[in-house]
Amino acid sequence: MKTTIAGLVVVMGLAAQTLKLPIDIENLSKAATETVDVTLDGSMIRFAERFLSDGDADQAKAKRLLRGLNSIQVKKFEFAREGEYSERDLQSIRSQLQAPNWSRMVHVKGLRENTEVFSQMRAGEMTGLVVLSAEPRELTIVHIDGPIKPEDIASLSGHAGLPRWNRGGDR
Amino acid sequence: MKRFVLALTVLALPVFAGGGSDFDSMVRSMENHYGVKKTYIPFLGFANFVVKVARPAGARDFKLAIFEHVDQSRHPSLEDMDRRFVSAGWKPFVRVLSNRKRERVQIYAREKGRDHELMVTTFENDETVMVRVRINAEGMAKWVNNPRAMCGRNSR
(Lines give C-alpha, C1' and ligand atoms only; values in the text may rest on other atoms or scores of the structure.)
Protein backbone atom coordinates (compact mmCIF):
# COMPACT_ATOMS: atom_id res chain seq x y z
CA MET A 1 0.00 0.00 0.00
CA LYS A 2 1.43 3.22 -1.04
CA THR A 3 -0.33 5.79 1.02
CA THR A 4 0.93 9.21 0.27
CA ILE A 5 -0.38 11.79 2.57
CA ALA A 6 1.47 13.65 4.81
CA GLY A 7 2.37 15.54 7.46
CA LEU A 8 1.06 17.72 9.92
CA VAL A 9 1.98 19.57 12.78
CA VAL A 10 0.45 19.69 16.13
CA VAL A 11 -0.19 23.07 17.39
CA MET A 12 -2.58 22.56 20.17
CA GLY A 13 -2.22 19.12 21.67
CA LEU A 14 -2.20 18.58 25.36
CA ALA A 15 -2.27 21.48 27.70
CA ALA A 16 1.33 21.30 28.73
CA GLN A 17 2.57 19.87 25.50
CA THR A 18 2.79 21.80 22.30
CA LEU A 19 4.35 20.63 19.12
CA LYS A 20 5.58 23.45 16.97
CA LEU A 21 6.94 23.38 13.51
CA PRO A 22 10.64 24.06 13.87
CA ILE A 23 11.96 27.33 12.50
CA ASP A 24 14.23 25.35 10.17
CA ILE A 25 11.17 23.81 8.59
CA GLU A 26 9.31 27.10 8.33
CA ASN A 27 12.35 28.48 6.54
CA LEU A 28 11.92 25.82 3.86
CA SER A 29 9.17 27.99 2.43
CA LYS A 30 11.91 30.26 1.10
CA ALA A 31 13.36 27.42 -0.95
CA ALA A 32 10.02 25.89 -1.88
CA THR A 33 8.29 26.84 -5.09
CA GLU A 34 5.02 26.56 -3.26
CA THR A 35 4.00 26.22 0.36
CA VAL A 36 0.46 25.46 1.44
CA ASP A 37 -0.85 25.65 4.98
CA VAL A 38 -4.34 24.62 5.94
CA THR A 39 -5.56 24.97 9.50
CA LEU A 40 -8.93 23.85 10.80
CA ASP A 41 -9.85 24.31 14.41
CA GLY A 42 -12.63 22.47 16.23
CA SER A 43 -15.43 24.78 15.16
CA MET A 44 -14.48 24.55 11.50
CA ILE A 45 -14.25 20.77 11.72
CA ARG A 46 -17.72 20.64 13.30
CA PHE A 47 -18.86 22.68 10.38
CA ALA A 48 -17.37 20.36 7.79
CA GLU A 49 -18.90 17.41 9.58
CA ARG A 50 -22.43 18.87 9.43
CA PHE A 51 -22.42 18.75 5.69
CA LEU A 52 -21.38 15.15 5.25
CA SER A 53 -24.21 12.84 4.40
CA ASP A 54 -25.37 10.07 6.71
CA GLY A 55 -26.76 8.27 3.67
CA ASP A 56 -23.38 7.71 2.08
CA ALA A 57 -21.30 5.06 3.87
CA ASP A 58 -17.94 6.77 3.27
CA GLN A 59 -19.21 10.19 4.24
CA ALA A 60 -20.97 8.82 7.28
CA LYS A 61 -17.71 7.28 8.47
CA ALA A 62 -15.76 10.46 7.83
CA LYS A 63 -18.42 12.36 9.74
CA ARG A 64 -18.13 10.08 12.74
CA LEU A 65 -14.35 10.41 12.76
CA LEU A 66 -14.37 14.18 12.41
CA ARG A 67 -16.79 14.52 15.31
CA GLY A 68 -14.14 14.02 17.95
CA LEU A 69 -11.27 15.97 16.43
CA ASN A 70 -9.88 19.17 17.92
CA SER A 71 -7.83 20.43 15.01
CA ILE A 72 -6.32 19.49 11.69
CA GLN A 73 -3.27 21.10 10.21
CA VAL A 74 -1.65 20.35 6.90
CA LYS A 75 1.58 21.84 5.67
CA LYS A 76 2.98 21.01 2.28
CA PHE A 77 6.17 22.16 0.56
CA GLU A 78 6.83 21.66 -3.13
CA PHE A 79 10.33 22.12 -4.49
CA ALA A 80 11.67 22.71 -7.98
CA ARG A 81 14.67 20.46 -7.43
CA GLU A 82 15.65 17.54 -5.27
CA GLY A 83 17.85 18.12 -2.26
CA GLU A 84 16.21 21.35 -1.15
CA TYR A 85 15.53 19.91 2.28
CA SER A 86 17.69 17.60 4.33
CA GLU A 87 17.39 14.70 6.70
CA ARG A 88 18.28 17.17 9.43
CA ASP A 89 15.11 19.12 8.71
CA LEU A 90 13.03 15.98 9.18
CA GLN A 91 14.94 15.09 12.32
CA SER A 92 13.96 18.39 13.90
CA ILE A 93 10.32 17.34 13.59
CA ARG A 94 10.88 13.77 14.73
CA SER A 95 12.67 15.01 17.83
CA GLN A 96 9.36 16.44 19.04
CA LEU A 97 7.54 13.19 18.48
CA GLN A 98 9.22 11.01 21.05
CA ALA A 99 8.34 8.92 24.07
CA PRO A 100 6.63 9.00 26.45
CA ASN A 101 3.78 10.71 24.63
CA TRP A 102 4.61 9.96 21.05
CA SER A 103 5.69 6.85 19.24
CA ARG A 104 6.36 6.03 15.63
CA MET A 105 3.99 3.30 14.63
CA VAL A 106 4.44 3.15 10.86
CA HIS A 107 7.50 3.69 8.75
CA VAL A 108 7.32 2.98 5.03
CA LYS A 109 10.64 3.59 3.36
CA GLY A 110 10.66 3.44 -0.41
CA LEU A 111 13.26 4.28 -2.98
CA ARG A 112 11.90 7.75 -3.52
CA GLU A 113 9.47 8.18 -0.69
CA ASN A 114 9.52 7.94 3.05
CA THR A 115 6.32 7.96 5.08
CA GLU A 116 6.16 7.88 8.85
CA VAL A 117 3.13 7.90 11.12
CA PHE A 118 3.47 8.95 14.73
CA SER A 119 0.76 8.52 17.30
CA GLN A 120 0.13 10.25 20.56
CA MET A 121 -1.18 8.17 23.44
CA ARG A 122 -2.91 9.39 26.55
CA ALA A 123 -4.45 7.12 29.17
CA GLY A 124 -4.35 4.27 26.73
CA GLU A 125 -6.20 6.21 24.03
CA MET A 126 -4.78 7.51 20.82
CA THR A 127 -5.23 11.26 20.96
CA GLY A 128 -3.29 12.51 17.99
CA LEU A 129 -1.54 11.57 14.83
CA VAL A 130 1.26 13.08 12.80
CA VAL A 131 2.03 11.93 9.29
CA LEU A 132 5.34 12.89 7.80
CA SER A 133 5.67 12.22 4.11
CA ALA A 134 8.95 13.00 2.40
CA GLU A 135 9.45 12.75 -1.34
CA PRO A 136 12.40 14.14 -3.28
CA ARG A 137 10.55 17.28 -4.27
CA GLU A 138 7.71 17.33 -1.81
CA LEU A 139 7.41 17.37 1.95
CA THR A 140 4.08 17.11 3.73
CA ILE A 141 3.32 17.24 7.40
CA VAL A 142 -0.16 16.49 8.69
CA HIS A 143 -1.27 16.77 12.27
CA ILE A 144 -4.61 15.52 13.47
CA ASP A 145 -5.34 16.43 17.06
CA GLY A 146 -8.01 14.25 18.62
CA PRO A 147 -8.99 10.61 18.80
CA ILE A 148 -8.09 8.93 15.54
CA LYS A 149 -6.66 5.63 14.42
CA PRO A 150 -4.20 5.27 11.56
CA GLU A 151 -6.54 2.94 9.70
CA ASP A 152 -9.18 5.66 9.80
CA ILE A 153 -7.08 8.21 7.96
CA ALA A 154 -8.17 6.85 4.60
CA SER A 155 -11.79 7.54 5.51
CA LEU A 156 -10.96 11.21 5.96
CA SER A 157 -9.29 11.44 2.57
CA GLY A 158 -10.40 14.61 0.84
CA HIS A 159 -12.39 15.87 3.81
CA ALA A 160 -11.68 18.75 6.17
CA GLY A 161 -8.63 19.94 4.32
CA LEU A 162 -6.86 16.62 4.33
CA PRO A 163 -5.15 15.52 1.14
CA ARG A 164 -7.02 13.17 -1.13
CA TRP A 165 -5.27 9.91 -1.62
CA ASN A 166 -5.99 6.46 -2.96
CA ARG A 167 -5.62 3.24 -1.11
CA GLY A 168 -2.98 1.27 -2.87
CA GLY A 169 -2.03 4.02 -5.25
CA ASP A 170 -0.75 7.51 -5.64
CA ARG A 171 -2.85 10.51 -4.91
CA MET B 1 -31.96 62.96 -12.74
CA LYS B 2 -33.53 62.41 -9.34
CA ARG B 3 -34.47 58.90 -10.35
CA PHE B 4 -30.91 58.26 -11.57
CA VAL B 5 -29.41 59.37 -8.29
CA LEU B 6 -31.88 57.22 -6.38
CA ALA B 7 -31.03 54.17 -8.50
CA LEU B 8 -27.32 54.73 -7.93
CA THR B 9 -27.89 55.01 -4.22
CA VAL B 10 -29.81 51.75 -4.12
CA LEU B 11 -27.13 49.94 -6.08
CA ALA B 12 -24.40 51.28 -3.88
CA LEU B 13 -26.28 50.55 -0.69
CA PRO B 14 -25.12 46.95 -0.21
CA VAL B 15 -21.52 48.08 -0.27
CA PHE B 16 -21.98 50.61 2.43
CA ALA B 17 -24.60 48.76 4.44
CA GLY B 18 -23.29 48.06 7.88
CA GLY B 19 -20.66 50.69 7.16
CA GLY B 20 -17.82 51.33 9.50
CA SER B 21 -17.06 47.62 9.28
CA ASP B 22 -13.65 46.33 10.14
CA PHE B 23 -13.08 45.71 6.43
CA ASP B 24 -13.22 49.44 5.83
CA SER B 25 -10.88 50.13 8.69
CA MET B 26 -8.49 47.45 7.43
CA VAL B 27 -8.58 49.02 4.00
CA ARG B 28 -7.78 52.40 5.51
CA SER B 29 -5.01 50.82 7.52
CA MET B 30 -3.61 49.26 4.33
CA GLU B 31 -3.86 52.59 2.51
CA ASN B 32 -1.86 54.22 5.27
CA HIS B 33 0.64 51.40 5.26
CA TYR B 34 1.35 51.63 1.52
CA GLY B 35 0.68 55.34 1.16
CA VAL B 36 -1.61 54.46 -1.74
CA LYS B 37 -5.35 54.79 -2.08
CA LYS B 38 -7.35 51.74 -3.14
CA THR B 39 -8.19 51.61 -6.81
CA TYR B 40 -11.63 52.82 -7.78
CA ILE B 41 -13.64 49.97 -9.30
CA PRO B 42 -16.65 51.01 -11.35
CA PHE B 43 -19.94 49.21 -10.75
CA LEU B 44 -18.66 47.46 -7.64
CA GLY B 45 -21.89 48.32 -5.86
CA PHE B 46 -23.84 46.80 -8.70
CA ALA B 47 -21.71 43.65 -8.61
CA ASN B 48 -22.39 43.30 -4.92
CA PHE B 49 -26.07 43.80 -5.55
CA VAL B 50 -25.97 40.94 -8.07
CA VAL B 51 -24.18 38.73 -5.55
CA LYS B 52 -26.80 39.49 -2.93
CA VAL B 53 -29.53 38.42 -5.31
CA ALA B 54 -27.86 35.50 -7.12
CA ARG B 55 -25.76 34.21 -4.19
CA PRO B 56 -23.17 32.38 -6.27
CA ALA B 57 -21.45 29.59 -4.32
CA GLY B 58 -23.35 30.60 -1.21
CA ALA B 59 -21.90 34.13 -1.17
CA ARG B 60 -24.23 36.67 0.41
CA ASP B 61 -22.17 39.75 -0.19
CA PHE B 62 -18.60 40.81 -0.66
CA LYS B 63 -16.27 43.72 -0.32
CA LEU B 64 -13.25 44.22 -2.48
CA ALA B 65 -10.27 46.53 -2.36
CA ILE B 66 -7.40 46.58 -4.83
CA PHE B 67 -4.18 48.44 -4.26
CA GLU B 68 -2.11 48.90 -7.40
CA HIS B 69 1.46 50.07 -7.93
CA VAL B 70 2.40 49.55 -4.31
CA ASP B 71 5.96 49.26 -3.09
CA GLN B 72 6.53 45.48 -2.97
CA SER B 73 9.04 45.85 -0.20
CA ARG B 74 6.24 47.19 1.97
CA HIS B 75 3.96 44.15 1.71
CA PRO B 76 3.06 43.18 5.30
CA SER B 77 4.73 39.99 6.46
CA LEU B 78 2.82 36.80 7.19
CA GLU B 79 3.18 37.45 10.87
CA ASP B 80 2.01 41.05 10.58
CA MET B 81 -1.10 39.88 8.80
CA ASP B 82 -1.78 37.19 11.40
CA ARG B 83 -1.42 39.70 14.21
CA ARG B 84 -3.71 42.16 12.52
CA PHE B 85 -6.45 39.68 11.70
CA VAL B 86 -6.33 37.42 14.74
CA SER B 87 -6.76 40.43 17.00
CA ALA B 88 -9.95 41.21 15.07
CA GLY B 89 -11.36 37.73 15.66
CA TRP B 90 -10.26 36.10 12.40
CA LYS B 91 -8.72 32.63 12.36
CA PRO B 92 -5.92 31.71 9.94
CA PHE B 93 -7.40 29.19 7.54
CA VAL B 94 -5.38 28.77 4.35
CA ARG B 95 -2.00 30.17 3.43
CA VAL B 96 -0.36 29.67 0.05
CA LEU B 97 3.09 31.01 -0.72
CA SER B 98 4.21 30.68 -4.28
CA ASN B 99 7.77 31.70 -5.03
CA ARG B 100 7.23 30.56 -8.59
CA LYS B 101 4.34 32.96 -9.16
CA ARG B 102 5.72 35.47 -6.65
CA GLU B 103 2.37 35.43 -4.96
CA ARG B 104 1.08 35.04 -1.44
CA VAL B 105 -2.50 34.26 -0.48
CA GLN B 106 -3.70 34.34 3.11
CA ILE B 107 -7.25 33.41 3.94
CA TYR B 108 -8.86 34.01 7.31
CA ALA B 109 -12.26 32.87 8.50
CA ARG B 110 -14.67 33.76 11.25
CA GLU B 111 -18.26 33.18 12.21
CA LYS B 112 -20.72 35.99 11.74
CA GLY B 113 -24.10 35.15 13.17
CA ARG B 114 -25.49 32.28 11.13
CA ASP B 115 -23.05 32.96 8.32
CA HIS B 116 -19.32 32.88 7.95
CA GLU B 117 -16.90 35.42 6.61
CA LEU B 118 -13.78 34.76 4.63
CA MET B 119 -11.10 37.37 4.20
CA VAL B 120 -8.87 36.63 1.24
CA THR B 121 -5.73 38.71 0.89
CA THR B 122 -3.46 38.36 -2.11
CA PHE B 123 -0.06 39.93 -2.56
CA GLU B 124 1.37 39.73 -6.02
CA ASN B 125 4.24 41.86 -7.26
CA ASP B 126 3.09 45.46 -6.91
CA GLU B 127 -0.55 44.64 -6.32
CA THR B 128 -2.52 43.75 -3.23
CA VAL B 129 -6.11 42.56 -3.22
CA MET B 130 -8.38 42.21 -0.22
CA VAL B 131 -11.73 40.48 -0.53
CA ARG B 132 -14.17 39.87 2.26
CA VAL B 133 -16.94 37.44 1.42
CA ARG B 134 -19.90 36.58 3.59
CA ILE B 135 -21.10 33.10 2.78
CA ASN B 136 -23.79 30.83 4.03
CA ALA B 137 -23.22 27.56 5.84
CA GLU B 138 -23.24 25.42 2.73
CA GLY B 139 -20.76 27.64 0.93
CA MET B 140 -18.48 27.59 3.95
CA ALA B 141 -18.70 23.82 4.16
CA LYS B 142 -17.34 23.58 0.63
CA TRP B 143 -14.39 25.71 1.65
CA VAL B 144 -13.74 23.76 4.82
CA ASN B 145 -13.93 20.39 3.13
CA ASN B 146 -11.63 21.28 0.30
CA PRO B 147 -9.83 24.53 1.02
CA ARG B 148 -6.98 23.96 -1.39
CA ALA B 149 -9.27 23.40 -4.35
CA MET B 150 -11.49 26.32 -3.40
CA CYS B 151 -8.43 28.49 -3.06
CA GLY B 152 -7.25 27.53 -6.54
CA ARG B 153 -10.70 28.09 -7.97
CA ASN B 154 -10.91 31.53 -6.48
CA SER B 155 -7.38 32.74 -7.11
CA ARG B 156 -6.68 34.56 -10.28
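Here is how the numbers come out for the structure above:
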read-out	value
Sole residue being in contact (Cβ under 8 Å) with a residue 12 or more places away in the chain and surrounded by 17 or more Cβ atoms within 10 Å (Cβ to Cβ), chosen from A:ASP58, A:ASP37	A:ASP37
Test: residue in segment B:116-127 that is at pLDDT below 90, part of a strand (DSSP E or B), crowded, with 17+ Cβ neighbours inside 10 Å and more than 10 Å from chain A (Cβ to nearest Cβ)	yes
Any hit, segment A:95-111, residues being within 30 Å of A:MET44 (Cβ to Cβ), assigned to a helix (DSSP H, G or I) and among the hydroxyl-bearing types (Ser, Thr, Tyr)	no
Where A:VAL108 falls short, out of the listed (1) touching a Pro at 6+ places or on another chain (Cβ under 9 Å); (2) surrounded by fewer than 18 Cβ atoms within 10 Å (Cβ to Cβ)	(1)
Qualifying residue in segment A:67-83 (condition: surrounded by 16 or more Cβ atoms within 10 Å (Cβ to Cβ), among the small types (Gly, Ala, Ser), over 23 Å from A:ARG137 (Cα atoms) and facing chain B (nearest Cβ under 8 Å))	no
Any hit, segment B:58-67, residues being aromatic (Phe, Trp, Tyr), within 30 Å of A:ALA80 (Cβ to Cβ), at pLDDT 90 or above and touching an Asp or Glu at 6+ places or on another chain (Cβ under 9 Å)	yes
Residue selected from segment B:87-105 under the condition within 7 Å of another protein chain (Cβ to nearest Cβ) and among the polar types (S, T, N, Q), by the criterion nearest to the chain's Cα centre (by Cα)	B:SER98
Count - residues of segment A:84-97 that are closer than 25 Å to A:LEU156 by Cβ and either basic (Lys, Arg) or surrounded by fewer than 17 Cβ atoms within 10 Å (Cβ to Cβ) (or both)	1
Residues within segment A:114-148 that are within 15 Å of A:SER103 (Cα to Cα), acidic (Asp, Glu) and more than 11 Å from the chain's Cα centre (by Cα), tallied	1
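The values are calculated or read from the model by the stated rules, or taken from the named source; none is laboratory data. In this text the structure is predicted, and so the values were computed from the model without any measurement. FYI the Cβ positions are ideal-geometry reconstructions off the backbone, even for glycines, and counts take in every protein chain you see.
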